[in-house]
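Q: Have a look at the structure that comes next, please.
The numbers here are math on the coordinates, done by the rules we state, and not lab data. The shown structure was predicted, so the numbers you read here are calculated from the model rather than taken from an experiment. As a convention, Cβ positions derive from the backbone with ideal geometry for all residues, glycine included, and neighbour counts pool all protein chains shown.
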Ligand SMILES: Cc1ncc(COP(=O)(O)O)c(C=O)c1O
């Protein structure tokens, strides 16, 4: 039996390093000039960020808070890719002045360019709006055909943004950025997006030094596309317009790096019978596993010290919160679980850890698994931790 204080996330050291190494070696195969820039929003645990930094990765941030966090971890400003709509004016200007890769995504950012010193020149990129309804409708998630992000080449928005940016004599527009997380993280959509980027760059005669292709890739999983397959598709699409020996290719993996490196573990804290089935309550919650409450199945393992002999028709495994809908998954015709049994959920923690709310029970422990040893790398938040941050003098 694993001896951990549950509920807890587990970061698997070797798997994390392996994902980082594999993504880098695959990039090197396809793109002579490349950078991987880890998406902080996917999981911003400092342990993970330090591993990225020491592997030579950049930090991809989408808010001033994430930007400050990347700085606290020690990323140099010129190793930051600054995207998104929540940039602050001061971090936006600082990042451009100090050489970050900054991709403009809103009109107010274009206004802020006026405040850069006029006697020096600076470089920025622009995010292109990717409308999957046009480029690849089958890859759009429900209600996510069009995107809210970037400037649209399908109407005058992109044209206007480009001319507003380039009207600044001290600003060079040197990069384009795209990102879509598609329905099935398919491979061929990347070639289509890359071709589209080529058409846009040609149409607007942009003199591009980098193309940031975003994230949206699967992590290392059986039966899922490999990094080689994704990067081959991107390189095919880009090669028809760009010389890959000249242009820098940036990717922004999040899920691809951390998904398979994180697990979640919870304990059974109650077993009761309701109607003609059993309800198994655990000290985890769907808030830890599935904050959007969409999933009905998980890759999981049950770890029981002493498997009981009695097989029962239906067990509803639930979370420990007071929400009626905090039901996690069902077990049919299996051994009845008992107090203290553990349920380990595989590949849970990319996004879920950062999206978890402070509801009823505060942030759980996080352990690092290193060669079968478990080292506590974040102690669970106590009421005192919560109080010390949220308390006011009034
Ligand atoms: C701009 C941008 N880049 C990268 C990512 C990372 O995506 P994924 O975790 O699917 O690789 C996201 C996720 O939303 C994003 O918005």
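Q: Working from Cα positions, state the angle (0 to 90°, nearest 10) between the long axis of helix 13-30 and the longest principal axis of the chain.
A: Here the helix axis deviates by roughly 30 degrees.
Q: Using Cα atoms only, what is the angle between the long axis of helix 156-166 and the major principal axis of the chain, expressed in degrees (0 to 90) to the nearest 10?
A: Taking Cα atoms only, the helix is inclined about 60 degrees.
Q: I would also like to ask the following. Ordered by packing density, taken as the mean number of other Cβ atoms within 10 Å over each peptide's residues, highest first, how do 287-297, 347-357 rank?
A: 347-357, 287-297
Q: Mean residue ellipticity at 222 nm from the helices of the chain, using -39,500 (n - 2.57) per DSSP H segment of n ≥ 4 over the full residue count, to the nearest 500 deg cm²/dmol?
A: Mean residue ellipticity, 222 nm, calculated: -8500 deg cm²/dmol.
Q: Would you work out if segment 319-394 is rounded, prolate or oblate? Take a ≥ b ≥ c from the square roots of the eigenvalues of the alpha-carbon gyration tensor; rounded if a/c is under 1.5, else prolate when a/b is larger than b/c, oblate otherwise.
A: oblate
Q: What percent does the relative contact order of the chain come to when contacts are Cα pairs within less than 8 Å and at least six residues apart?
A: After rounding, I find 19 percent.
Q: Taking the Cα atoms only, what angle lies between the long axis of helix 64-73 and the longest principal axis of the chain, rounded to 10 degrees?
A: 80
Q: Take every DSSP beta bridge with both residues inside the chain and express the antiparallel ones as a percent of the total, to the nearest 5.
A: So the antiparallel bridges amount to about 45 percent of the total.
Q: Turning to a different aspect of this structure: Order the peptides 161-168, 112-119, 383-390 from the highest to the lowest mean number of other Cβ atoms within 10 Å of their residues.
A: Listed from highest to lowest mean packing, they are 161-168, 112-119, 383-390.
Q: Can I ask one more? Is segment 1-91 rounded, prolate or oblate when judged by the Cα gyration tensor, a ≥ b ≥ c being the square roots of its eigenvalues, rounded requiring a/c under 1.5 and prolate requiring a/b larger than b/c?
A: oblate
Q: Something else now. Applying a 10 Å radius around every beta-carbon, put 258-267, 321-330, 244-253, 223-232 in order of their mean neighbour count, most first.
A: Details: 258-267: 24.6, 321-330: 14.6, 244-253: 20.2, 223-232: 17.6.
Ranking, from highest mean packing down: 258-267, 244-253, 223-232, 321-330.
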